[in-house]
1. Just one of A:Val314, A:Val218, A:Val310, A:Val303 is over 30 Å from A:Glu77 (Cα atoms), of a type in the set (Val, Ile, Thr) and in contact (Cβ under 8 Å) with a residue 40 or more places away in the chain; which is it?
2. For A:Ala159, state whether it is more than 22 Å from the chain's Cα centre (by Cα), more than 7 Å from chain B (Cβ to nearest Cβ) and over 20 Å from A:Val71 (Cα atoms).
3. Run down A:Val295, A:Val314 and say which single residue is away from chain B (no Cβ under 14 Å) and among the hydrophobic types (A, V, I, L, M, F, W, C).
4. Taking the range A:124-156 as the region of interest, how many residues are over 24 Å from B:Met96 (Cβ atoms), open to solvent by 10 Å² or more (accessible area, probe 1.4 Å) and more than 7 Å from every other protein chain (Cβ to nearest Cβ)?
5. So B:Lys120 fits all but one of (1) touching a Ser or Thr at 6+ places or on another chain (Cβ under 9 Å); (2) among the charged types (D, E, K, R); (3) more than 23 Å from A:Ser151 (Cβ to Cβ); what number is the exception?
6. For the range A:69-89, state whether one or more residues are among the hydroxyl-bearing types (Ser, Thr, Tyr) and over 19 Å from A:Thr144 (Cβ atoms).
7. Kindly indicate whether any position in the range B:38-53 is facing chain A (nearest Cβ under 10 Å), charged (D, E, K, R) and part of a loop (DSSP other than H, G, I, E, B).
8. Where residues in the range B:137-170 are among the aliphatic types (A, V, I, L, M) and within 13 Å of chain A (Cβ to nearest Cβ), which of them is most open to solvent (accessible area, probe 1.4 Å)?
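The values are calculated or read from the model by the stated rules, or taken from the named source; none is laboratory data. Only a predicted model underlies this, so the values are computations on that prediction, with no experimental measurement involved. Cβ sites come from the backbone with ideal geometry, for glycine too, and all protein chains shown count toward neighbours. Please note that ligands, DNA and RNA were not included when accessible areas were found on the heavy atoms of the full protein model with its side chains. Shrake-Rupley method; radii C 1.70, N 1.55, O 1.52, S 1.80 Å.
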Amino acid sequence: MTEKAFIRGKAVHCALGEEVGSVVAAMRAHQCQTTEVPLSLINLDYARPYYRLPVKDGDPPPNSEAFFYTVLFRTVEKAIADAGLQPHEIEEMPIFFGSTSIDIPLYEETYRTASNVLSQTSSGYGNIANEIARHLGVKAGCYTFTTACTSSANGVLYASAMMGQGAFDRALVVGYDLFSNLGFYGFEALKLIAPPPYRPFDKQRMGVIMGEGCGAIVLDRYRRDANDFYCLGGANACDTHSVTTHDPEGHAIAAVMREALASAGARPEEIDVIKAHATGSYHNDLTECNGLKQVFGDHLPPVTGLKPFVGHTVGACGAIELVLLSEAAKAGFVPATLGFETPDEELGVVPMTDDLAIESGTFLLNYFGFGGNCVSLVVSNRD
Amino acid sequence: MYIHNHGTFVGRPVADMKYYKEDVSRYTRLHFRRANRFVLLSLAGACRCAHEQSIKKNTGVYLTTENGNLGDTETVLHQIYQMRQFPMPYNFINTMSNTASFYVAQSLELLGRNMTFSSKLLSFERGLELLHCDMVAGSVNEALIGGVDEASFSKTQFEAKFDRRYEDYNMVEGSCWLLIKKDAERAMGEIGVIAAFADLGKLLGWIGRQAFERPVFVAHGILVDPEDKKAVGHALPDATLFDPIGDIGYFDSAPASAVTHFLQRDGGACLIHVNKDTRGQFMVMRVEKY
């Protein structure tokens with residue numbers, strides 16, 4: 001990149017709340033909250049945990065179209081207000097939207113009484129980004145990424161790369177995935193959902209706990225505050241091992257981390273903290289740790305995983321976890337991996353068990369998904 | 001961005017999936033037992049494009065689509081809501097449309113960038129922008145980029161989406177791909193320009209500044225109005241109208257289809273493809289065929 005892409009504005013709506021300050025405070029207090037969701041749609045008498053969004057008085061009911069757009073528009077409006085954008089800046093700002101479920105939550109309730117609703121009424125994957133554009137009065141382009149759990153990480157990757165090449169002065173990146181029965185029952189069908197507590201990298205880890213949320217980031221060519229983070233580089237690559245799991249040796253994951261570091265002009269020893277993808281599934285954690293050991297060898301920086309705070313927010317995790325990590329660091333810490341207790345010798349990686357005091361640094365963020373999609377980002381707030 | 005090959009698989013939908021599996025098996029030895037229509041469509045176009053080409057392992061895959069994997073999404077929702085059972089795992093995994101770009105990469109053993117991407121009615125054009133960004137950055141030197149969509153069978157949806165009469169179109173489905181390289185050597189053509197315009201006036205201004213060395217063909221996206229077409233026609237008085245939607249049929253990746261069908265023509269020529277989205281934004285692709 002020739003120009004930097006600074007995080008000028010941000011907002012997040014997740015299981016810990018919808019104000020960045022209170023979410024960061026909750027992370028510092030090591031809070032998390034899951035809800036038990038019954039599998040009653042298919043007449044089963046048990047429930048599974050999920051990190052649901054808190055609903056405020058006066059909000060539309062969850063699972064409604066009004067709720068979908070309320071959460072989305074409120075979050076992007078907060079990010080824009082935080083960035084202090086002028087109307088003409090908003091108008092010229094392209095939108096990079098990433099999601100796994102896209103608009104499926106809008107249609108699911110109708111399936112209780114009807115069939116083929118999506119194929120009869122959906123306006124396509126690009127529609128939600130277009131709705132954001134209409135709502136904000138954006139006249140620039142809309143880019144929608146649907147690469148499973150790396151979706152909004154790819155949005156950050158391309159928004160910062162195109163800005164780095166001078167294509168525009170600022171961009172809005174949005175990661176959004178609300179609860180959908182398709183995702184919830186689908187993950188349970190794959191036997192991937194774990195009971196609480198969520199414990200990535202732990203010897204007793206039992207899988208994923210899903211979450212819903214929205215993260216919005218305004219990237220800008222110009223720095224506003226001295227400690228604002230900027231995107232130094234990143235990479236995307238495909239691991240063709242399997243559609244559901246990555247090569248357990250971690251070669252593809254190591255390759256994407258190395259490419260990200262090279263694009264950022266950073267050496268492994270310059271990384272202060274790694275935000276691992278850390279889904280908590282047996283295979284994913286093993287693969288990621290093998291990849292980390294290939295890149296960093298015996299000099300692995302502190303590693304943390306953020307999913308125990310907000311759940312695995314699938315396609316939204318790229319934007320959400322970038323906001324959580326960078327805002328926690330600006331508040332003086334990187335949180336420990338909540339829920340971790342017992343090291344797993346097979347992994348050979350022990351994540352942070354205590355918060356790390358840090359105010360500035362260069363961070364590597366990993367995101368991996370179904371379909372072999374691998375993304376690593378490098379961000380920094382050092383000059 | 002130089003075009004080194006193209007591959008096209010477009011036609012009326014066939015109900016029997018065996019038809020697609022047999023087609024794809026001509027190009028790849030991998031077995032796609034659990035692949036669905038969208039995956040097989042993707043492979044049918046991409047494998048044709050890559051066939052007998054020298055393709056490096058770090059070649060990127062950029063799959064652009066308007067609707068992605070509708071079929072399996074409907075199946076999974078039906079399994080949950082009507083049959084009241086867990087979705088079949090592979091139906092569920094196939095609801096994620098990037099499984100198609102994964103299978104393209106796996107079948108061709110490509111480890112580079114892998115993107116599944118959409119941009120309401122401008123997916124192929126915006127996908128080319130992403131590829132251009134990666135090529136400028138040096139992270140990609142070769143790529144397969146395609147537009148893939150199943151046919152629309154919903155009259156209601158089609159007419160609500162486009163404000164066009166469903167009966168006026170022959171509905172097809174397809175998968176149209178380009179092999180793009182940074183290297184010009186032995187190229188058959190190039191993507192000259194991909195540009196967005198806020199309104200028709202700005203588009204016409206751009207057209208007025210273009211110089212052409214080859215015969216010009218002009219093609220339009222589905223939302224380009226008759227008045228827009230007339231204005232573009234005045235700005236390009238010597239251009240020949242190229243109408244792949246009328247000649248071949250419509251599916252939501254029609255802009256990709258316009259490019260690959262243009263490349264099938266004999267002789268050198270230039271294609272100006274004008275597209276328009278629901279927000280009234282125009283995008284143009286200028287494609288040169290040597």
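1. Sole residue among the options that is over 30 Å from A:Glu77 (Cα atoms), of a type in the set (Val, Ile, Thr) and in contact (Cβ under 8 Å) with a residue 40 or more places away in the chain: A:Val303.
2. It is false that A:Ala159 is more than 22 Å from the chain's Cα centre (by Cα), more than 7 Å from chain B (Cβ to nearest Cβ) and over 20 Å from A:Val71 (Cα atoms).
3. Going through A:Val295, A:Val314 in turn, just one is away from chain B (no Cβ under 14 Å) and among the hydrophobic types (A, V, I, L, M, F, W, C): A:Val295.
4. Final tally of qualifying residues: 5.
5. (3)
6. yes
7. Within the range B:38-53 (the criterion being facing chain A (nearest Cβ under 10 Å), charged (D, E, K, R) and part of a loop (DSSP other than H, G, I, E, B)), the answer is no, since none of the residues qualifies.
8. Looking at residues that are among the aliphatic types (A, V, I, L, M) and within 13 Å of chain A (Cβ to nearest Cβ), I get B:Ala160.
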